[in-house]
Amino acid sequence: MPRILVQAADFNPGAELARLGGEETGGIASFTGIVRASHGGSPRIAALTLEHYPGMTEAALAKLAACAQARWELTGCTIIHRVGRLLPGENIVFVAAASAHRGDALQAVAFLIDYLKTSAPFWKAEEREDGTRQWVAARAADEAAAAGWDE
């Protein structure tokens with residue numbers, strides 16, 4: 001059973017990794033996303049606000065985790081995504097997959113994060129240091145990465 005959490009509270013990646021260990025697990029792969037203060041030539045980010053529809057979001061993440069578990073031989077899977085107002089340097093997302101073999105765990109994490117970036121029902125707005133606010137759209141590179149899993 002995958003562990004799916006959508007929450008405002010921070011998470012501890014080390015504690016989450018420890019939950020995935022077990023006698024049948026040969027390796028655990030993970031990704032921790034962190035709010036960054038700048039990208040490209042845009043004004044610096046003061047905060048990132050994430051909105052979602054409770055219930056719908058958790059169901060979408062559970063479906064994504066089930067897809068990964070059907071595709072790879074996983075002994076465990078965790079997806080944690082924060083919502084609310086987050087500051088630069090704060091954790092935003094944690095994805096981990098455990099498997100008897102590293103390849104399955106590594107591939108599952110890449111798949112999960114690619115689809116989280118493009119298909120998960122979250123809406124992100126950047127608050128910039130210059131006082132402007134802008135909704136964030138999926139990047140073409142993220143869309144291409146997710147589409148690569150369908151080939």
- Task: Could you please give the count of residues in the stretch 115-151 that are at pLDDT below 85 and among the basic types (Lys, Arg)?
- Result: 1
- Task: Considering only the stretch 86-105, state which residues are under 23 Å from SER38 (Cα atoms), touching an Asp or Glu at 6+ places or on another chain (Cβ under 8 Å) and not acidic (Asp, Glu).
- Result: ASN91, PHE94
- Message: I need the full set of residues from the stretch 1-15 which are buried (at least 17 other Cβ atoms within 10 Å of the Cβ) and assigned to a strand (DSSP E or B), in order please.
- Response: ILE4, VAL6
- Item | Test for ALA96: is it surrounded by 13 or more Cβ atoms within 10 Å (Cβ to Cβ), touching a Ser or Thr at 6+ places or on another chain (Cβ under 6 Å) and more than 30 Å from GLY22 (Cα to Cα) | no
- Could we say that ARG36 is open to solvent by 60 Å² or more (accessible area, probe 1.4 Å), in contact with a Ser or Thr (Cβ under 6 Å, 6 or more places away or on another chain), touching a residue at least 24 places away in the same chain (Cβ under 8 Å) and farther than 17 Å from TRP149 by Cα here? no
- Message: Cβ-Cβ distance below 6 Å, separation of 6 or more or different chains: which pairs start in the stretch 16-33 with a residue that is closer than 9 Å to VAL95 by Cα and open to solvent by 70 Å² or more (accessible area, probe 1.4 Å) and end on one that is outside any helix (DSSP H, G or I) and at pLDDT 95 or above?
- Response: PHE31/VAL95
- Could you list all residues from the stretch 50-65 that are loosely packed, with under 14 Cβ neighbours inside 10 Å and within 18 Å of SER30 (Cβ to Cβ)? none
- Message: Among the residues in the stretch 106-122, are any within 17 Å of VAL6 (Cβ to Cβ) and among the small types (Gly, Ala, Ser)?
- Response: yes
- Task: Pull up the stretch 66-83, narrow it to residues that are among the hydrophobic types (A, V, I, L, M, F, W, C) and over 9 Å from ILE4 (Cβ atoms), then point me to the one that is least open to solvent (accessible area, probe 1.4 Å).
- Result: ALA68
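The values are calculated or read from the model by the stated rules, or taken from the named source; none is laboratory data. Bear in mind the structure is a predicted one, so any value in this text is a computation, not a measurement. When we count neighbours, we look across all protein chains shown, and the Cβ atoms used for this are built from the backbone with ideal geometry, even at glycine. To get the accessible areas, we keep the full protein, side chains included, count just its heavy atoms, and leave off ligands, DNA and RNA. Shrake-Rupley method; radii C 1.70, N 1.55, O 1.52, S 1.80 Å.
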